[in-house]
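Scroll down for the structure; my scribbles are underneath it.
The values are calculated or read from the model by the stated rules, or taken from the named source; none is laboratory data. Bear in mind the structure is a predicted one, so any value in this text is a computation, not a measurement. Note: ideal-geometry Cβ built from the backbone for every residue, glycine included; neighbour counts use all protein chains shown.
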Amino acid sequence: MTFKRIARFALLAPFLAAAPALAADLPSRSGPPADYYPPPPAFTWTGFYVGVQGGVGFSAFQAQGAQIGGSPTGGLIGLTGGYNYQIAPQFVLGAEADFSFTGVKETHSPFFGAVARGEVDNMLTVRGRAGYVVDRALIYGTAGFAASKNTIGITAPFAGFSGVQSSFQGGWALGAGLEYLFTPNLSAKGEYLFTSTGTGRYFDFTPYALYSGVNTSSVKAGLNVHF
């Protein structure tokens, strides 16, 4: 029995020795390595941004000016820019500044024989922002400094008076909004902002001298490009 096993091994040995060489000559079943696609970049709010905005404003001249300047309404359009820092997956802090040209104005007759015009010519705000992230959306509150250039004009022919005067008035702003990242570099937002600018002096040393502040509520939409 032992002799038969040795004889069989002797016959099979050449084939066992040749098996690795034959396997090397067989075509490989594995194809070329698959292309590598890096994962898409994670969405982050951190960085600078600039954008455009537009909307509508509703103003009211306060104190004595409420009778003369009226409650002008109109559109606004402007530029915005700022910086965000995402301090945690759900929290963002930032700072933003914007400037808008406005068509917020009204002409009316505050009393018989007189025509008055109230205008908010342009608006500037510099504000802090704090927000909460939900997926790609940022829900935020905002507050800071506000200023506007306001104009009051009065024509009273029977009193022999006509005048137009502008005043640059500073104050504060408070609001809230929602911004959504469509791509890592493009977002859209909707925002409500209330601004209250301090008292301006108009027509000193005349019978129509007055002191007036201006409150404005604005509803805006905008597009921002992120860097």
| field | Search result, residues across region 205-221 that are modelled with pLDDT of 85 or more and either in contact with an Asp or Glu (Cβ under 7 Å, 6 or more places away or on another chain) or more than 18 Å from PHE58 (Cβ to Cβ) (or both) | value | LYS220
| remark: Counting only strands (runs of 3 or more DSSP E) wholly inside region 109-212, the ones holding at least 2 residues that are aliphatic (A, V, I, L, M) and surrounded by 15 or more Cβ atoms within 10 Å (Cβ to Cβ) are 115-134, 137-156, 161-183
| said: For a quick check of your reading of the model, give me the residue pairs whose first member lies in region 203-222 and is under 16 Å from LEU124 (Cβ atoms), whose second is charged (D, E, K, R) and part of a strand (DSSP E or B), with beta-carbon atoms closer than 7 Å and at least 6 apart or on different chains. | reply: LYS220/GLU191; GLY222/LYS189
| note | Considering residues that are small (Gly, Ala, Ser) and closer than 20 Å to ALA156 by Cβ, the number found within region 201-227 is 2
| field | Only one of PRO72, PRO89 that is over 23 Å from SER167 (Cα atoms), in contact (Cβ under 8 Å) with a residue 12 or more places away in the chain and not hydroxyl-bearing (Ser, Thr, Tyr) | value | PRO89
| note | Within region 172-220, residues being among the small types (Gly, Ala, Ser) and over 22 Å from TYR85 (Cα atoms) number 8
| field | Output for region 76-97, where each listed residue is small (Gly, Ala, Ser) and farther than 15 Å from LEU124 by Cα | value | ALA88, GLY94
